[in-house]
Amino acid sequence: MIGSLLLLGLALGLKHALEADHLSTVATLASSSASTRHSLSVATAWGLGHAASLVLLGTGLVALGTVLPPAVARAFEVAIGVILIGLAVDVLRRLRKRHVHLHVHQHGGKRHLHAHAHGHAHEAEHHHDHAAPLWRRSLVIGGVHGLAGSAAVTVLALPAGSFLRAFAYLFVFGAGTVLGMVALTLVISLPLRFSAGQGERAWTVAQCALSAVDLALGVWIVVQS
């Protein structure tokens, strides 16, 4: 019984890492990293923050035999949306910092719009955030995500039968989320690193795509909440 419960928690934790807002948040944070190693540290920090807040709040709710009030759960969801919007704005700030602007060119009688940035692709490393502040920011953002996710996860933990079983379930769920996010970030970091090595246009397109996804998700979450 307990073994099946823990396996279920681990599987659901891995699946939980696949949620769109999680992927978008960590991908955007990882895009500020100077290397794959830093990207993985960002994902680990996000996962640890997520797991810590989820386990602490979740076990507290289980001990009280209650769930998160709907109004509080909605407030946490709104906070996630606001964070995503803030990340989108931060990406645009980075683009502006590199003086990205648009040019209209004419080739063969046809007009084309191109993005251009002053500097070169190999200079991108100088514009990445420092590793320590980025790690701390990821930890905090992960914590907020964990608070938002605790509402649904606690409902699953309540039928565990005892406080210790519920705690074990939440702990394994959180560990699954950490493992899932680290593995996914390793995959996500590959195209991000590739775009950085393909010149300014590829890097700019990747950053604009991240900003657009963050903004769309953030606005959608705020409206839905």
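Is there a residue being open to solvent by 40 Å² or more (accessible area, probe 1.4 Å), in a helix (DSSP H, G or I) and closer than 17 Å to L147 by Cα anywhere in region 30-39? The answer is no, given that none of the residues of region 30-39 is open to solvent by 40 Å² or more (accessible area, probe 1.4 Å), in a helix (DSSP H, G or I) and closer than 17 Å to L147 by Cα.
Only one of the listed residues (V67, V78, V42, V62) is assigned to a loop (DSSP other than H, G, I, E, B), in contact (Cβ under 8 Å) with a residue 60 or more places away in the chain and either in contact with a Phe, Trp or Tyr (Cβ under 9 Å, 6 or more places away or on another chain) or open to solvent by 20 Å² or more (accessible area, probe 1.4 Å) (or both). That residue is V67. Restricting attention to region 149-172 and to residues that are within 21 Å of the chain's Cα centre (by Cα) and either at pLDDT 85 or above or surrounded by fewer than 17 Cβ atoms within 10 Å (Cβ to Cβ) (or both), the residue that is farthest from P70 (Cα to Cα) turns out to be V172.
The values are calculated or read from the model by the stated rules, or taken from the named source; none is laboratory data. None of the values given here were measured: they were computed from a predicted structure. Cβ atoms come from the backbone with ideal geometry, glycine included; neighbour counts cover every protein chain shown. In case anyone asks, the SASA skips ligands and DNA or RNA and just uses the protein heavy atoms, side chains included. Shrake-Rupley method; radii C 1.70, N 1.55, O 1.52, S 1.80 Å.
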